[in-house]
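Right, one structure below, let's go through it.
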Amino acid sequence: MIAAVLRRTLVDLWDNAVVIFALNIGLLGVSALILYPVSRVGGLAPFWLAPGLVATLWVGLGLWAGVSALVAQIAERRDLDRSALFPDVRFCGLLAFTLVGLAGAAMLLLQGGGVDNTLAVAEAICGGWLLLVAVELAAFSPAFALDRATSMRTRLAELVAIVLRYPLACVAITLLSVLGMAATVGLLPGPAGAGYLHLRSAGLMRIGLTGADTALAEATLAERQALRNRTPRNLLQPWRAP
């Protein structure tokens, strides 16, 4: 499953590298404009740091989901559907509150306070795990923020279930995204490409949550079939028809 979605994502990003590059530049610029006021507020009034973080995550999750949906439409060569680019604002807000709470609890545990070394190590492990879960919840959020047909409670439960049921897959995909962004200074695949990768991965994992192995196998096969005619020459020259 992971190999299929990775290969499909890499090919789609390579085919649309110029557009993805431009989207990443724009997204990084907008992110800088959002983070600057938050850093100023946090420095002047620590009391407003938590609300500022919630608001920043709220906007960031919505923006990332919208960009991920845009990349998906570009990769699939579909006509632009503007209505599909707007995520569920309420879900993004709920998730933002959840992430700030998890991150706060993780930081308290990581600071330590145990009376002995054993308790301090246990607190550090729990804090690191909570922080990792928070990062993965944010990483796989686009697929759920864009789904308006399901209730918020169900979507949040499915998002948590994905992170807990596929821990190794979630860690591997998130780590690859972070390494890819770090290696290219966030330009390619960048946040737009990483959002598209997590969007496709979460879609397959949601199918796996149903317990229907046949449906998951068919979805994975569809990922492979989309690339059945791709050749090395076509990958080096993506403008040529396969």
Check: For the range 94-133, which residues satisfy the criterion of being open to solvent by less than 60 Å² (accessible area, probe 1.4 Å) and assigned to a loop (DSSP other than H, G, I, E, B)?
Finding: G112, G114
Check: Between residues in the range 209-221 that are without any contact (Cβ under 8 Å) to a residue 60 or more places away in the chain and residues that are not hydroxyl-bearing (S, T, Y), which pairs lie under 6 Å by C-beta distance while being six or more apart or on different chains?
Finding: L209/A161; A215/I207; A219/L204; A219/I207
Item checked: Residues located in the range 134-157, provided they are assigned to a helix (DSSP H, G or I), surrounded by fewer than 20 Cβ atoms within 10 Å (Cβ to Cβ) and under 18 Å from the mean Cα position of the chain (by Cα) -> V135, M152, L156, A157
Margin query: For the range 77-93, give me the residue count where each residue is outside any helix (DSSP H, G or I) and over 19 Å from the mean Cα position of the chain (by Cα).
Written below: 5
Next item on the list: For G52, indicate whether it is over 25 Å from C170 (Cα atoms), open to solvent by less than 40 Å² (accessible area, probe 1.4 Å) and assigned to a helix (DSSP H, G or I).
Entry: yes
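The values are calculated or read from the model by the stated rules, or taken from the named source; none is laboratory data. This one's a predicted model, so the numbers in the text were calculated from it and none came from an experiment. Ideal geometry is used to build each Cβ from the backbone, glycine not excepted, and the neighbour counts take in all protein chains shown. For accessibility, only protein heavy atoms count, side chains too; no ligands or nucleic acids. Shrake-Rupley method; radii C 1.70, N 1.55, O 1.52, S 1.80 Å.
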